[in-house]
Amino acid sequence: MRISKSTAVDLMKASSGKFFTVTFNKNDGATRTMNGSVRAKQFMSSQGYVLVKEGGKNFRSVNPRTISALKIAGTYYQVG
């Protein structure tokens, strides 16, 4: 299924702490796939990045403009 980038961000926020898989491009141009979750309180940084909790206490920033794929609750989405 194909969705927009804003819909992908909405799905991530609505996941309410459940894990998902997101594929995006890093600042250096490399593609990264990671599993993580988000919290409603700490969803976005002041720069507009989505804060994803990767495991333990590690948070990673995901640029929502570079998301290319998202898998939530067993459903795979192409983003773009």
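What follows is calculated from the coordinates using simple rules that are stated; it is not laboratory data. Because the structure is a prediction, the values reported are computed rather than measured. Glycine gets a Cβ as well: all are built from the backbone with ideal geometry, and neighbour counts include every protein chain shown.
Here are a few things to note about the model shown:
- The chain - convex hull of alpha carbons, volume per residue in Å³: 86
- DSSP bridge orientation in the chain - percent antiparallel, rounded to nearest 5: 90
- Per residue, the chain reaches -3500 deg cm²/dmol at 222 nm when only DSSP H runs of four or more residues are counted, each adding -39500 (n - 2.57).
- Residue order, fewest to most surrounding Cβ atoms within 10 angstrom, among LEU70, LEU51: LEU51, LEU70
- For region 40-80, the residues whose backbone nitrogen is under 13 Å from a point 7 Å from the Cα of ALA14, taken along Cα to Cβ, are 72-73.
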